[in-house]
Amino acid sequence: MRKDKKQVIGEEISDDSIKLFLAVEPADATPPSLHKLIKAYRGLRIDDFERFVGFFVAAGYDLTATDAQGHDFVALIQDQRNAEPYIEVIKAARAG
């Protein structure tokens, strides 16, 4: 990379762009709340995910939604390498 070029790690994401994750709907029997959390987890950086959770809760979605096997969002992602900060956001939101 040239010295005069600054590396851009990521652009700031607008609230409207983050809220788009509230519109995704499952194509299977996954509860909509759980599906939205998983899609946001996969598509957003931690700071943006934290903002998403605020919108998610304000829209009335369920932070404790479970799949047919009884797994919630935390159970589904806890074994993933970068999951811990996302789990902390969910735990904080549940406690709040």
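Using 0.36 nm per residue of separation minus the Cα-Cα distance, give me the extension gain between E12 and R42 in nm, one decimal. Working shown, then result.
Values: separation 30, 0.36 × 30 = 10.80 nm, distance 1.69 nm.
Value of the extension gain: 9.1 nm.
Taking the 0 to 90 degree range and rounding to the nearest ten, how far is the long axis of helix 32-43 tilted relative to the main principal axis of the chain, both from C-alpha atoms?
20
What base-10 log of the normalised intensity I(q)/I(0) is obtained for the chain from the Debye formula, alpha carbons as equal point scatterers, at q = 0.11, 0.12, 0.23, 0.24 Å⁻¹?
Each listed q maps to, in turn, -0.35, -0.41, -1.26, -1.36.
Using the Karplus curve 6.51 cos²θ - 1.76 cosθ + 1.60 with θ = phi - 60°, work out ³J(HN,Hα) for each residue of the stretch 71-78 in order, rounded to whole Hz, and write x for Gly and Pro.
Result, rounded to whole Hz: 8, 8, 4, 4, 4, 6, 10, 4.
Taking H placed 1.01 Å from N in the peptide plane, check which residues at least 5 places from H71 or on another chain put their amide H under 5 Å from its amide H.
It is none; the list stays empty.
How would the stretch 46-96 be classified by its alpha-carbon gyration tensor: rounded, prolate or oblate, with rounded meaning a/c under 1.5 and the a/b versus b/c comparison settling the rest? Write out the running numbers ahead of the final one.
Numbers: a/c = 2.03, a/b = 1.13, b/c = 1.80.
It is oblate, given that a/c is not under 1.5 and a/b is not larger than b/c.
With a 10 Å Cβ neighbour count serving as the proxy for reagent exposure, in which order, fewest first, do L76, L37 appear?
Working: L76 17, L37 27.
Ordered by Cβ neighbours within 10 Å, fewest first: L76, L37.
Values in this text are rule-based calculations from the coordinates and carry no lab data. All values derive from a computational prediction rather than experimental measurement. In this analysis, Cβ positions are derived from the backbone assuming ideal geometry, glycine residues included, and neighbour counts consider all displayed protein chains.
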